[in-house]
Amino acid sequence: MFQKEDKCNNLNDHMALKHRKANSHEIETSNGTYMNLSVAECNLYLLQNQINDDLFFTDQIIESPDWDDGSDCDIKRDLGKTMFRRLFHWGPLTAICITLIIGVAVTYVHLQWWPLTTVASFLDLSLFLLFNYLTLINLSKSSFFGPGYAPYNWKPPKKEDESRLQYCRICDGFKLPRAHHCSKCGRCVCKMDHHCPWINNCVGHRNHALFVRFLASATLGCIHAAIILSSTLYRFLSRVWYFSYDDNNELIILSLYSFIFIIFAFGLSLGVVISVGFLLGLQIRGIIRNRTCIEDYIVDKANARERNSEFIYPYDLGWRRNISDVLLTWDGIPKGNGIWWPVRYPTTQFTLSEEQLLQKKYKRENAHEVEIIQNFSGGYCSSLKFGICIWFCQPWSDETRQLVKVGEHWMVTRITKHWFYGTLLDEKKTTTELGKEKIIVVRGWFPRICARRL
């Protein structure tokens, strides 16, 4: 089956052959023959023959192709907004205020609970302040750098690949593999996970590691803060016992306002540990599987749909490779250009995009048209006029509660007991700063009571 190696005449030939074996792989073709190729040769061969299902690749990974179409440069430079516009928003400002409140409270009580008279107390306070610094710096970086945006009017290098990609009418270009359009950012986002109000930006390819660092430092810092604050509160509430029986430690004295402030900061730190810690767990779980929240939803639908063969998720390269590609970089920017990705054999660069096209085709075939018979002004509270039940049973998502007017026609694609999710059939257009017409796709949730089926 395998070709026998010729005997080496000298040590140099032997070492060269040994190096080639360590850096080579065998590919079996449909006629049973074997080819021994280097990693680069394997990748080139598989990319050229990726539509052929007869191949067997031992490493199960096809590295990302080097298709240079000039978009990588745009993705790295396009930040969307300035740092001030990113941070001057209720989400980042709230996160910064919470961090500063907890930081001030812990620093104040630490000087009473454990004064800086020993090296250990100095290191303990320094560690807490380091967590504060890392939280603020990673919050700022993940907000400013953003996820990376697909260039407007983007097209794949090969014309024949256009049919294998989704088209975004708003950005007037094809969607990159793993990219999705964010209605809040108004752009197609590279490897979009979700839009996070706390950083006033999307979490995606470019800022994924920075966002995880922000979550990790915030969680660890608040665990540290909760320990210090709870210890301080315990010693303050037990000050009578400490006064009577403990002569080794200074009493902790707090005024009424200081006590309320410490209680408030302690509650904030516990809230951050629970909420942000839960989100951190979800992010780590996604990184281990190399899936975003959106891709989890796509894969679930792919597995639920009737198909002739099992759906293979193309981007799961094994947990070690998944973690190293995202987290193990010094500057916090994940590996890759955000356009093309390493994939598992026998999938291709377009496997997930083709699955999305099939799912959207199925969704269109099962959609139905409705006519609006009652006005709805949009927003989260406006549905109260239709009853407390409809308001309380809103979908648990941050998607728009869309304004609808009597006489409009909508195409509904998602349904809950009391709500419709649809797209306005009458397209709206606007003119950009460059004088080009831009289509506005209006979609969102509205109460079912406002519409009737046609």
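Throughout, read-outs are computed from the coordinates displayed, never taken from laboratory work. Since the structure is predicted, the reported quantities are computational estimates derived from the model, not experimental observations. Every residue, glycine among them, receives a Cβ derived from its backbone with ideal geometry; neighbour counts consider all protein chains shown.
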Response to the item:
Long-range amide H partners of G444, meaning residues 5 or more apart or on another chain whose placed amide H is closer than 5 Å, are G422
Worksheet item: When all alpha-carbon pairs of the range 72-289 are counted, what percent fall beyond 32 Å?
Response: 35 percent
Worksheet, complete the sentence: Output ordering of 335-343, 103-111, 317-325, 199-207 (per-residue mean of other Cβ within 10 Å, highest first) is 199-207, 335-343, 103-111, 317-325
Discussion item. Student exercise: in the range 72-289, how many lysine pairs 8 or more apart or on different chains have Cα atoms under 30 Å apart?
Written reply: 25
Response to the item:
Taking r as the C-beta separation of I253 and K363 and R0 as 60 Å, the FRET efficiency to the nearest 0.05 is 0.40
Fill in: Additional length obtainable on full extension of the chain from H409 to Y380, 0.36 nm per residue less Cα span
8.3 nm
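Between W90 and S231, what is the FRET efficiency for a Förster distance of 51 Å, r being their Cβ-Cβ separation, to the nearest 0.05? Walk me through the intermediate numbers first.
Numbers: r = 33 Å, r/R0 = 0.64.
The computed FRET efficiency comes out at 0.95.
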Worksheet item: Once you put a point 7 Å from the Cα of T107 and another 7 Å from the Cα of E399, both along the Cβ direction, what distance in nm separates them?
Response: 4.5 nm
Worksheet item: Which order do peptides 385-391, 210-216 fall in by mean Cβ count within 10 Å, highest first?
Response: 210-216, 385-391
